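Structure first, commentary second.
The values are calculated or read from the model by the stated rules, or taken from the named source; none is laboratory data. Owing to the predicted nature of the structure, the values given are computational and were not obtained by experimental measurement. Positions of Cβ are generated from backbone atoms using ideal geometry, with glycine treated the same way; all protein chains shown enter the neighbour counts. Keep in mind that these areas ignore ligands, DNA and RNA; they rest on the heavy atoms of the full protein, side chains included. Shrake-Rupley method; radii C 1.70, N 1.55, O 1.52, S 1.80 Å.
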Amino acid sequence: MKTRAGVALARRYLACGLALVGGLATGAVGGVGAGAAPAAAGALTFSQTWTTGALPDTGAPIAESSPMVATLDAGGPAAVVADRSGNVFAFHLADGSAVPGWPANDGDIPIDSTPSVLTGPGGTATLYLGLGNAAEPQAGGYLALQANGRPLWFTPVVDPASDNEPAAGVQASLTVAPFGGRPGVVAGSLDQEQDALDAATGGLERGWPFFTADSVFSTASVADLYGIGTPQIVEGGAQTAGFGLGKHYQQGGHVRILTTEGGLVCEALTDQTVDSSPALGPILGSGAPGIVTGTGAFFSGAADSDTVRAYDTHCRLAWSTPVNGFTTSSPAVADVLGTGHFDVVEGTDTGASGSVYVL
């Protein structure tokens, strides 16, 4: 079974245009400049260090890809970010100059994923990105870029032979994790398959792909949840009522824990998609580790819409808190009050405005 959940969400994704467009890391928030109100005594003030100016991506700008820092050459750390024109930009943090060899371009396939970084023994980085988004799910895959901006490898999404609605896009960001003692990357696709790939070659890791049954927008988190010396993969996803590979799926979504060999440890079901990326931390009673996530917005009237949900490491629901809007954005875990106890921070979308909650 499969639905094009991502296609129906495309309008929201295409409308989200972040403030990064046309001016990366301007530092303008709360800034002192023409027309700015004087800062209150003791308040932090900000001023622009540099700006890229308008980028060559009119009509398909930076939207959901967030800047990541990577060292690509002798010029020092750089901010790396992608856009919906298929460009991957890299600018030195020191002065905003473009890193030689960049931007890279993937052939004009839109990129909404955030670059993931793996630093090698020489101190320079390799970047990993998902290509494609819900608006254009037929194109895309998994891409690795070398520090000079040239491709290291490209791995397509491979559909099951029985799939009559194939999709190739990977909108989730790739998560770096150890697989069998060596680094790899993992992400779900907009189709029914999730791949874990060798970071050096792009080849499938043992036990993969994993059959997700529907589109995945959630970027996975990785941690050793059980103290056994190997990590687990925690992610959200969507599902539609029906059968797939002999299993019945209910309408809604899920939070899953997977092994690095592609095995399912456990899953928690919801009646709404889980497009939010999970955060992990000591958020449960007595500082026990937990998983916290938002949900999604695809299934109208679902009871689990507009909630923030926490699970233990066996996928059991610890609590669910209603908030004032969609929770497709990803939560963060932080000691907000400085008490040594961790809280959950989540942003909401009411359609007309938003809020930030600390729970």
The whole-number value in µm²/s of the Stokes-Einstein translational diffusion coefficient for the range 211-321, with Rh from the Kirkwood sum over alpha carbon pairs at 10 °C and 1.306 mPa s, is 113
If I model a spin label as a point 7 Å beyond the Cα along the Cα-Cβ vector, how far apart are those points for Val345 and Asp271 in nm? 3.3
Leaving out ligands, DNA and RNA, and with a 1.4 Å probe, what % of the accessible surface on the range 163-259 is carbon or sulfur? 56
In whole percent, what relative contact order does the range 177-247 give with Cα contacts below 8 Å and a gap of six or more residues? 25
Which shape class applies to the range 275-359: rounded if a/c is under 1.5, otherwise prolate when a/b exceeds b/c and oblate if not, where a ≥ b ≥ c are the square roots of the Cα gyration tensor eigenvalues? oblate
Taking a probe of 1.4 Å and leaving out DNA, RNA and ligands, the range 176-297 shows per residue an accessible area in Å² of 32
Portion, in percent, of the accessible area of the range 85-137 that falls on carbon or sulfur, probe 1.4 Å: 53
Shape verdict for the range 102-225, please, from the Cα gyration tensor: rounded (a/c under 1.5), prolate (a/b greater than b/c) or oblate. oblate
Where does the chain land at 222 nm, in deg cm²/dmol rounded to the nearest 500, when only DSSP H runs of n ≥ 4 count, each adding -39500 (n - 2.57), divided by all residues? -1000 deg cm²/dmol
Give the relative contact order (percent, whole number) for the chain; include only Cα pairs under 8 Å separated by 6+ residues. 9
Between Ala303 and Ala74, what's the calculated FRET efficiency when r is the beta-carbon distance and R0 is 51 Å? Round to 0.05. 0.40
Between the range 280-359 and the range 174-200, what's the alpha-carbon centroid distance in Å? 26
For Leu337 and Asp163, calculate 0.36 nm times their separation in residues minus their Cα-Cα distance, and state this gained length in nm to one decimal. 57.6 nm
7 Å from Cα along Cα→Cβ at both Glu261 and Leu152: what's the point-to-point distance in nm? 2.6
Applying the gyration tensor rule to the Cα atoms of the range 45-158 (axes a ≥ b ≥ c; rounded if a/c under 1.5, else prolate if a/b exceeds b/c, else oblate), the class is oblate
Given the Cα-Cα distance of Arg316 and Ala60 and 0.36 nm per residue of separation, how much length would full extension add, in nm? 88.1 nm
